[in-house]
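The values are calculated or read from the model by the stated rules, or taken from the named source; none is laboratory data. None of these values were measured; they are calculated from a predicted model. Here the Cβ positions follow ideal geometry from the backbone for every residue, glycine too, while neighbour counts run over all protein chains shown. SASA here: full protein model, heavy atoms, side chains in, ligands and nucleic acids out. Shrake-Rupley method; radii C 1.70, N 1.55, O 1.52, S 1.80 Å.
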Amino acid sequence: MLIFYSNLIALCLFDIKGYRLTHRLVYNIYIYKYSIFIWSILILITKLFYNCLIFISRSEIFIISLILFLITLIIGTISQKYIGIQSVKDIYFNSNVFYIYNIIPLPGGKLLFIIIFFNLLFKLILNKIKINTILIHVSILLLLIGSYLEYKFSETGYLILDKNIIINNFVNENNYSITINYNNKILNTNIIKNNVLNKTVIAINDINNNKITLIKFFKNINMNISQNNLKKTQFNKNLFYDIKEISCFVEHEHVKTGILCIINNENFFILEGLTYIINNENIQYSIILTKTKDIMPFTIKLLEFERDVYQKTDTAKSYTSTILITSNDLKNWKFNIKMNNPLKYKQFIFYQSSFIKNDQNVYSSILNVKKNSFSFVFYFASIVMFLGFMLNIYIFFNHYRKKI
Amino acid sequence: MIIIKKIIYITLFCSTFLFLNIFILKNDTNNFAKIPILNDGRVKTLNCFLKSHLHDILNVKLIELPNIFAKIIFDFDIFSDLTLFKIINQNLLLNFDIKLTDNNLYSFNNIMIGLFKNIDTINILLKMNYFDLNDTQKQMLNLYNKINLILNFKTQFHLFNSISKTGYTNYDKIIANKNNANFYNNNKDINNIFYIVKINKINWIDFNTQLNLNDTTLLENLNIINNMAKTFRNKDDVSWNAACTCYLNLIKQQLSIHDRVLIYFEHLYSKINLVQLAFYIYILSFMIYVYMLVCKHLWRYFNTVFNYSFYVGILFSIFDIFVRFIISGRPPVTNLYESIIFVNVIYSICLLIYIEKFKYKFNLLIPLFFLLIFQCIAYNYNYGDEIKNLTSVLNTSFWLVTHVITITIGYALCLIVSILAHVYFFYKFFSVNINKNFIFFKILNFLTIIALVFIIFGTILGGVWADQSWGRFWGWDPKENGAMLVVLWLILVLHLKIVNKNDIWFSVGLIFTSIIVLLSWFGVNMLNVGLHSYGFTDKIGLWLLLFAGFECLYVFLILILFKNKIYLHY
């Protein structure tokens, strides 16, 4: 079929050329030969392209990808014991290639998912397969699409709600901003999106056209006082450190996140949450690196936080936050958020996550926040998969019932 | 009709057995073991509490535990000289400066001396990560924790300890000085593991907080416990039993009918040990089946006995799950032990359907052997078993029913598919009946798809639960990865069958499914990371390795021995 189409395209091309030539009453044999040549090349390319598609859609490719993914999955799972889930995600599952002992390259989860996606897609397009298999394959494609959308467009973060305090933003877990304070003027720049540096220079026009050059973002670091003056990185006044990137255990309390940058031709390491005072030609300004606070189009106020525990223990049965949402279209509406019972409002979903108890025994509620959820793609894929499997079992059962 | 008849007979048999047990328990005079206590937020009998907290610490039979516990709380001097602690590690004994004994049993006093000598080492070990320690260090730390627990029990009952062998207790002293203060306030920093005093329908109280000595109900409670302590120390069995019965009745009055019914069930459950019974019955079934294979002329008689014994075994397993369901009031699959017994039940039910459907057309030796192994694992895990309250995130019956049960059924089906693949692999080379093999192949194929459906939907439902609770569908948690491993493995095996029409490699793939399932089910617990924090362990690695070795050997031997036959069939 594809060969036929390629012939047709080539013929059209030839005809157009011929049409133009006859109208000009010039017939050139060389052009004719040239057209034949283009035609052949086109057929060749089309055939090659078609063969490539056939090759990608082969079951062997799928099986090899699956075996490689199994290996990646096993290595990634075992590595979690040593480097934590967050690092494993970055190194093995969200990457295209990873190295065992820094020597043997293996495909990462992202690359394998792409291969499996196109393998299934081309198999669906090019091969004749039964409806039950189509449904199952489509559902897996949908799951992969859902994962991509979720990875690319969803924002996750958290919200710490103190009782009766109104709040209209949430802390984005994967985005960071640099805030520069000069003469009470605040310049806030989002520099890291999804843990990746997306800006290299911050120009500060107010301060004699100064600039901050951002070099590298570190999710977690190990800091040792520098012995070698050449490799110094200024962290604080007169203190120089060697910076070494280490694995990031999310569950570990002492995660030191920071960014290496150049200010006034000097290396600076800015740690998250600390304020740095920079002096330049008698001008003083402060810099702070924080997680980005995303603004929500409504406000939230914690009215009550309840923690129900089992008798004479600290084990919680459930947590409940009663919140008040105020927005332009919804005036003062009360909601209850519990474990396993989230609140969906506009493009945000709020989940009861944890709590903090302060010195005065007053509880603050911690809610996880998700913006732009694509969970519906997973749910839809699950339904399609369920239908596919049920059809599969029905066909199988009907076909072999008599024989068994 | 035959099946209904069978079920009626077997239910009658099991009911008679249970009623017999209830009758025996009714005449059980050890009322001390029946006293209700509050532990971990749940009311249970002292016997259940001791089974889960003390049985793995002391080398004592289950029936003697209440008596030993009474010695700990009321007569510690006697207890401290009893040789009840088992230490096998010679390096540990060397560190403790304890002389080796023949039975490897040592007393509390022996160990305390050893621990005092090593207190600096223990303080360092406590600061280290437990999973980075070597075997001796781990055992030293475990022993330290056990001794701490015993001391905690003792100090929790400090009111009733004897004052320098006078026969009087601390409680007697306080009551004698009652006029000086109406409140007794003890400042000892004690971790109350359980509560035994209940003065009204709501409150359980301990002996370490402020006690209102004007409260007559409280005084009544404390007087009886004091009496229990004295009679126990005096070895006056009649008075001891009378005091225990009196206290039992007093506490029962404060409990709701719901709690009383539940603790009765739990006491019954801890006494009968249905898993153990099912294990013995399965051994019997297995032996009968072996006889059936050897003495074929007696097949007809053995067949009936085998059939009924197998039914009884399954029914006991189902009873076990059902009783747990009633006691806990939630779906009975929330920890590793419960998942093991649930998988066993599903596995045995599948085997039963298989037997009923095919009427011994295929050999059952391998499936029955594996059933024994699984039941043996459940029997071993039974010792540390405790029905616990759920944490807030797990406290949802809907998701426990949907996700956990679906995935556990998936594990059970994967195991049965794998074990039937062993049989098929065996048949492939021993049986020449091609039609029979074809039917078996189709059964395997069908079951593989069913297993895949359960495991895939169990995993997806887990994703939906995570999405509802934390806002993420997939988090690359080790347990999630384990489930994905099983899913991908089954998909791989099914696709291998499509690409390579040879069913040998399909069956080899299915045989290895059991290794993958065990890795996913138990293996990931060895990593000790992730959200699915139940059943963390570091002792299972060797067994998993042995099992994987056994499976490889099985496949390798059959392939080597019958390599000519592989080509003969195709």
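Counting only residues that are within 13 Å of chain B (Cβ to nearest Cβ) and not in a loop (DSSP other than H, G, I, E, B), the range A:318-364 holds 17 of them.
Looking only at residues in the range B:520-532 that are more than 10 Å from every other protein chain (Cβ to nearest Cβ) and outside any helix (DSSP H, G or I), which one is modelled with the highest pLDDT?
Let us first name the residues in the range B:520-532 that are more than 10 Å from every other protein chain (Cβ to nearest Cβ), namely B:521-522, B:525, B:532.
In the following step, the residues that additionally are outside any helix (DSSP H, G or I) were identified as B:522, B:532.
On the way: B:Phe522: 84, B:His532: 58.
Looking at residues that are more than 10 Å from every other protein chain (Cβ to nearest Cβ) and outside any helix (DSSP H, G or I), I get B:Phe522.
Test B:Ile283 against the criterion of being open to solvent by 10 Å² or more (accessible area, probe 1.4 Å) and either assigned by TED's automatic domain parsing to the domain that holds B:Ile407 or closer than 25 Å to B:Val423 by Cβ (or both), and give yes or no.
On the way: open to solvent by 10 Å² or more (accessible area, probe 1.4 Å): yes; either assigned by TED's automatic domain parsing to the domain that holds B:Ile407 or closer than 25 Å to B:Val423 by Cβ (or both): yes.
Here the answer is yes, as B:Ile283 does meet what is asked.
Does B:Val517 qualify as being within 29 Å of B:Gly463 (Cα to Cα), assigned to a helix (DSSP H, G or I) and either modelled with pLDDT of 90 or more or open to solvent by 60 Å² or more (accessible area, probe 1.4 Å) (or both)? Before the answer, list the steps.
Working: within 29 Å of B:Gly463 (Cα to Cα): yes; assigned to a helix (DSSP H, G or I): yes; either modelled with pLDDT of 90 or more or open to solvent by 60 Å² or more (accessible area, probe 1.4 Å) (or both): yes.
So B:Val517 passes the test.
Against the condition buried (at least 18 other Cβ atoms within 10 Å of the Cβ) and either under 22 Å from B:Glu480 (Cβ atoms) or within 11 Å of chain B (Cβ to nearest Cβ) (or both), how does A:Ser95 come out, does it pass? So A:Ser95 fails the test. Here A:Glu306 meets the list (1) at pLDDT 85 or above; (2) within 32 Å of the chain's Cα centre (by Cα) almost entirely, failing just condition (2).
Inside the range A:365-404, residues that are surrounded by 12 or more Cβ atoms within 10 Å (Cβ to Cβ) and not in a helix (DSSP H, G or I) make up a count of 11.
Condition check: within 13 Å of chain A (Cβ to nearest Cβ), in contact with a helix residue (DSSP H, G or I) (Cβ under 8 Å, 6 or more places away or on another chain), open to solvent by 10 Å² or more (accessible area, probe 1.4 Å) and in a helix (DSSP H, G or I). Does B:Thr402 satisfy that? Spelling it out, B:Thr402 is indeed within 13 Å of chain A (Cβ to nearest Cβ), in contact with a helix residue (DSSP H, G or I) (Cβ under 8 Å, 6 or more places away or on another chain), open to solvent by 10 Å² or more (accessible area, probe 1.4 Å) and in a helix (DSSP H, G or I). For B:Ala412, the conditions (1) assigned to a helix (DSSP H, G or I); (2) more than 14 Å from chain A (Cβ to nearest Cβ); (3) surrounded by fewer than 19 Cβ atoms within 10 Å (Cβ to Cβ) are fulfilled apart from (3).
Tell me, please, whether a residue that is facing another protein chain (nearest Cβ under 9 Å), assigned to a helix (DSSP H, G or I), of a type in the set (Ser, Thr, Tyr) and open to solvent by less than 10 Å² (accessible area, probe 1.4 Å) can be found in the range B:494-509. Checked the range B:494-509: no residue is facing another protein chain (nearest Cβ under 9 Å), assigned to a helix (DSSP H, G or I), of a type in the set (Ser, Thr, Tyr) and open to solvent by less than 10 Å² (accessible area, probe 1.4 Å).
Scanning the range A:125-143 for residues that are within 30 Å of A:Asn175 (Cβ to Cβ) and either within 10 Å of chain B (Cβ to nearest Cβ) or open to solvent by 30 Å² or more (accessible area, probe 1.4 Å) (or both) turns up A:Leu142, A:Leu143. For B:Lys359, the conditions (1) touching a helix residue (DSSP H, G or I) at 6+ places or on another chain (Cβ under 6 Å); (2) surrounded by fewer than 19 Cβ atoms within 10 Å (Cβ to Cβ) are fulfilled apart from (1). State yes or no: is A:Ser65 closer than 25 Å to A:Phe218 by Cα, within 13 Å of chain B (Cβ to nearest Cβ) and under 27 Å from the mean Cα position of the chain (by Cα)? Taking the combined requirement at face value, the residue does not satisfy it.
Taking B:Ala483 and the conditions (1) of a type outside the set (D, E, K, R); (2) within 7 Å of chain A (Cβ to nearest Cβ); (3) in contact (Cβ under 8 Å) with a residue 40 or more places away in the chain, which numbered condition does it fall short on, given that it satisfies the others? Checking B:Ala483 against (1) of a type outside the set (D, E, K, R); (2) within 7 Å of chain A (Cβ to nearest Cβ); (3) in contact (Cβ under 8 Å) with a residue 40 or more places away in the chain, the one that fails is (2). Of the residues making up the range A:108-124, not a single one is over 27 Å from the mean Cα position of the chain (by Cα), buried (at least 16 other Cβ atoms within 10 Å of the Cβ) and β-branched (Val, Ile, Thr).
Which count do you get for residues in the range A:309-338 that are hydrophobic (A, V, I, L, M, F, W, C) and touching a residue at least 24 places away in the same chain (Cβ under 8 Å)? Let's see the steps before the verdict.
Here is the first cut: in the range A:309-338, the ones hydrophobic (A, V, I, L, M, F, W, C) are A:309, A:316, A:323-325, A:330, A:333, A:335, A:337.
Adding the requirement that they be touching a residue at least 24 places away in the same chain (Cβ under 8 Å) leaves A:323-325, A:330, A:337.
Residues meeting the conditions: 5.
Specify the residue that is farthest from the other protein chains (Cβ to nearest Cβ); the eligible residues are those in the range B:362-386 that are open to solvent by less than 40 Å² (accessible area, probe 1.4 Å) and over 30 Å from B:Val294 (Cβ atoms). The qualifying residue farthest from the other protein chains (Cβ to nearest Cβ) is B:Asn382.
The number of residues in the range B:93-136 that are more than 29 Å from B:Ile73 (Cβ to Cβ), part of a helix (DSSP H, G or I) and of a type in the set (D, E, K, R) comes to 4. Within the range B:462-473, restricting attention to residues that are buried (at least 20 other Cβ atoms within 10 Å of the Cβ) and more than 7 Å from every other protein chain (Cβ to nearest Cβ), the residue that is farthest from A:Ile383 (Cα to Cα) is B:Ala466. Annotation note: Cβ proximity below 7 Å between a residue of the range B:331-359 that is free of Cβ contacts under 8 Å to residues at least 12 places away in the same chain and a residue that is part of a helix (DSSP H, G or I) and buried (at least 21 other Cβ atoms within 10 Å of the Cβ) (sequence gap 6+ or interchain) occurs for B:Pro332/B:Arg324; B:Pro332/B:Glu338; B:Pro332/B:Phe342.
Taking each residue of the range B:249-262 that is surrounded by 10 or more Cβ atoms within 10 Å (Cβ to Cβ) and looking for partners that are at pLDDT below 85 with beta-carbon atoms closer than 8 Å, six or more apart or interchain, yields B:Ile251/B:Lys198; B:Gln254/B:Lys198; B:Gln254/B:Ile199; B:Gln254/B:Asn200; B:Gln254/B:Lys201; B:Leu255/B:Lys198; B:Ser256/B:Lys201. The set of residues from the range B:387-399 being open to solvent by 30 Å² or more (accessible area, probe 1.4 Å), in a loop (DSSP other than H, G, I, E, B) and over 16 Å from A:Gln352 (Cβ atoms) comprises B:Lys388, B:Asn389.
Residue count for the range A:305-348 satisfying the condition of being within 14 Å of A:Leu367 (Cα to Cα) and open to solvent by 80 Å² or more (accessible area, probe 1.4 Å): 4.
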